[in-house]
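Everything below concerns the one structure shown next.
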Amino acid sequence: MTRQITAADLERAISGHQIEPAFQPLIRLDEDTTVGYEVLARWTDPVFGPVSPIDFIAIAEEHSLIGKLTRQIIAKACQHATSLDRNATLAFNLSPVQLRNATLFNDVSGAIAKAGVPFERVVIEITESALIDDESLALATIRKFKQAGFGIALDDFGTGFSSLTRLHSFPFDKLKIDASFVRTMETDPGSRKIVAAVVGLGQSLGMSVVAEGVETAAQLFILKRLGCDIGQGYLLGRPMPAAQLVDHSLYPPGKMPSRRGVISPLIKLHQLETIYQGAPIALAFLDTAGRYVSANDRYARVIGEERTCLIGQSAADAFAEGRRAVVARIARRILAGRPVIEREVVNRRTNRSYVLSCSRIVDDGGDVLGLSISLIDVTRRKLAEAALRADEEHFRLAIEVSPNVAWAARTTGEVYYMSPALSGGAHVAVEDRISNWYERMHAEDRVRVRQEWLATISDGTSFQTEFRILWSDDRWRWVRSEAVLAPGADGKAHRWFGVMTDITARRALEEQVDRLQNRVGNSADEILQLFRL
Ligand code: C2E
Ligand code: CA
Ligand code: CA
């Protein structure tokens, strides 16, 4: 380009129909579908080559050519509307200067009506600067469009000086977040926060939010996570001439991570709020300086403070003065990225036990926001454990003082427990009680008992035998050993649980009876009768 283009060049281009509409897809991010197109003016001059709309729109505005140009763009774009999806919207840009023109509504709606496109399919994009000069006139014009059924989008949001009052009082359907925020979103946490806030703002006001200038997959991912409704940008589709508008109902086909199932920040906020308050655990959130930002009622009860008083307080204050520095150091370490801590703590005031867990909270961009604290009340579990331990202790003592020998074996036949009666007391280790019990058995009984035992464990469910064994007092005793196959402590694997009972006295009696019987030839019953007399 050797010289600047002039108004005369532009006028020639308009008269010669050299300015054409380009269509850039608008993608609904939760479904990855094209819901409409923004129409952008394109001028490729035979001499100058492509001229940026930034330049020629400014000239058109200055030289009162913008009305004619707009009508031409609208007329041409509408010709193609019939070949698009019946529901796809077309968004046209109107210059701020045009809003001062009293005939704007008639000009624009006339051109669209002539092309036979329903007004409901058309969105008018205006920038904030259009509203600043003459608010009441702009508002009146915008209302006319709105009442006729057009959609109204506020373009380049965030770059002008739109007041929140204006945002509320103008009938906008869409907020278009300016590309400058989207572009820096990955690197600048400030931009990301602005985008998040605008998405929330738009949704609270019932407007759908469009993110402009989406160029990277990372930006798209963040926007989807934030619940942004619509995306526009080179990643999702460049502005293209009508001839290239093939079917863009899904773009790019099947390639984008879907946001299906992701809910809007507003719903998410309420849901989280409900979970936060209703959770059966005590929850609190601390800022990076260790002050309470939020806490649920349960947490406040555990700490013994009003929830409202807690907010803003330093969490370390709850500790004795000497412990505060330690607590602060632990908090700093977790903020610096130490793994989550989890430990059991006892509240001295209430004597209740909790599992404390503390982790840092990081946003999408890696910024540390603060610490999350949760306390799970485990007092009942602790009490139950203590009761169980007491029960176990009771049984253990009962077994240890018993004159009988309790034993247990695996299904392979290997004995793994034996109570102390046989070996002379609880001070003898279980391993020693087990290791020498077989040697204590009378040599004449060993082989038989072993055979009986092996036969039982191969297919039996109960065991019973009698043998002689050298007792802890170094005297021979007769014992009866009985066992049953039962589930083990885990309720699943089977174990043999048995008990050896001293039957020496009974055996002696029986032997005596035998002897007497042999001598006098009486029946056993008669002799026993004699003994009782
Ligand atoms: P705009 O209304 O904000 O339009 C979006 C601009 O961003 C377009 O530039 C578009 O091509 C560009 N864009 C879209 N996606 C991306 C992306 O991912 N990366 C980058 N870097 N850019 C992207 P374009 O077509 O050059 O238009 C510039 C401006 O000129 C428009 O900004 C709009 O204000 C104005 N304009 C364009 N056509 C018309 C028109 O027919 N009438 C009026 N009044 N203004 C128009
Ligand atoms: Ca625009
Ligand atoms: Ca824009």
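Things worth noting here:
- Residue list for segment 132-153, restricted to those being without any contact (Cβ under 8 Å) to a residue 40 or more places away in the chain and within 15 Å of ligand 1 (Cβ to nearest atom): A138, I152
- Counting only residues that are open to solvent by 50 Å² or more (accessible area, probe 1.4 Å) and either outside the structural domain of K492 (by TED's automatic domain parsing) or charged (D, E, K, R) (or both), segment 395-443 holds 6 of them.
- Residue in segment 124-136 that is farthest from the chain's Cα centre (by Cα), counting only those that are within 13 Å of ligand 2 (Cβ to nearest atom) and open to solvent by less than 40 Å² (accessible area, probe 1.4 Å): A130
- When I74 is tested against the conditions (1) among the aliphatic types (A, V, I, L, M); (2) within 27 Å of I5 (Cβ to Cβ); (3) away from ligand 2 (no atom under 16 Å from the Cβ), the lone failure is (3).
- The residues on offer are R100, R71, and the sole one that is in contact (Cβ under 8 Å) with a residue 12 or more places away in the chain, within 14 Å of ligand 1 (Cβ to nearest atom), surrounded by 16 or more Cβ atoms within 10 Å (Cβ to Cβ) and within 25 Å of F170 (Cα to Cα) is R71.
- None of D45, D32 is open to solvent by less than 70 Å² (accessible area, probe 1.4 Å), modelled with pLDDT under 95 and closer than 21 Å to V210 by Cα except D32.
- Filtered residue count, segment 436-448, keeping only those that are touching a residue at least 24 places away in the same chain (Cβ under 8 Å) and either β-branched (V, I, T) or not in a helix (DSSP H, G or I) (or both): 2
- Among all residues of segment 54-62, there is at least one that is closer than 18 Å to V108 by Cα and without any contact (Cβ under 8 Å) to a residue 40 or more places away in the chain.
- Candidate set from segment 500-515 (those that are open to solvent by less than 50 Å² (accessible area, probe 1.4 Å) and in contact with a strand residue (DSSP E or B) (Cβ under 7 Å, 6 or more places away or on another chain)); member that is farthest from T456 (Cα to Cα): T504
- In the set A493, A489, only one residue is modelled with pLDDT under 90, over 13 Å from N404 (Cβ atoms) and open to solvent by 70 Å² or more (accessible area, probe 1.4 Å); that residue is A489.
- Output for segment 444-472, where each listed residue is surrounded by 13 or more Cβ atoms within 10 Å (Cβ to Cβ) and among the polar types (S, T, N, Q): T456, Q464, T465, S472
- Long-range neighbours under 6 Å by Cβ, at least six apart or interchain, first residue under 12 Å from Y354 (Cα atoms) within segment 377-399, second part of a helix (DSSP H, G or I) and open to solvent by 100 Å² or more (accessible area, probe 1.4 Å): none
- Candidate set: segment 154-190, residues that are aromatic (F, W, Y) and away from ligand 1 (no atom under 16 Å from the Cβ); chosen: the one most open to solvent (accessible area, probe 1.4 Å): F161
- Candidates in segment 369-394 are the residues that are within 29 Å of the chain's Cα centre (by Cα) and open to solvent by less than 50 Å² (accessible area, probe 1.4 Å); of these, the one that is farthest from V195 (Cα to Cα) is T379.
- Pairs linking a residue in segment 407-435 that is touching a residue at least 24 places away in the same chain (Cβ under 8 Å) and on the phi < 0 side of the Ramachandran plot to a residue that is in a helix (DSSP H, G or I) and open to solvent by less than 20 Å² (accessible area, probe 1.4 Å), with Cβ atoms under 6 Å and 6 or more positions apart or on different chains, are S423/R433; A426/P420.
- Search result, residues across segment 91-123 that are of a type in the set (V, I, T) and more than 16 Å from ligand 2 (Cβ to nearest atom): T103, I112, V117
- Helices (runs of 4 or more DSSP H) fully within segment 85-189 counting 1 or more residues that are within 20 Å of G202 (Cβ to Cβ): 129-132, 135-148, 164-169, 179-184
- Taking first residues from segment 493-521 that are among the acidic types (D, E) and partners that are modelled with pLDDT under 85, the Cβ contacts under 7 Å between residues at least 6 apart in sequence or on separate chains come to D502/P403.
- A88 vs. criteria open to solvent by less than 10 Å² (accessible area, probe 1.4 Å) and modelled with pLDDT under 95: yes
- T308 meets each of the listed conditions (1) open to solvent by 60 Å² or more (accessible area, probe 1.4 Å); (2) in contact with a helix residue (DSSP H, G or I) (Cβ under 9 Å, 6 or more places away or on another chain); (3) more than 26 Å from L383 (Cα to Cα); (4) not in a helix (DSSP H, G or I) apart from (4).
The values are calculated or read from the model by the stated rules, or taken from the named source; none is laboratory data. Everything numeric here is computed off the predicted structure, so don't read it as measured data. Don't worry about glycine lacking a Cβ; one is built from the backbone with ideal geometry, like all the others, and counts go over all protein chains shown. Side chains are part of the model used for accessible areas, which takes the heavy atoms of the whole protein and leaves out ligands, DNA and RNA. Shrake-Rupley method; radii C 1.70, N 1.55, O 1.52, S 1.80 Å.
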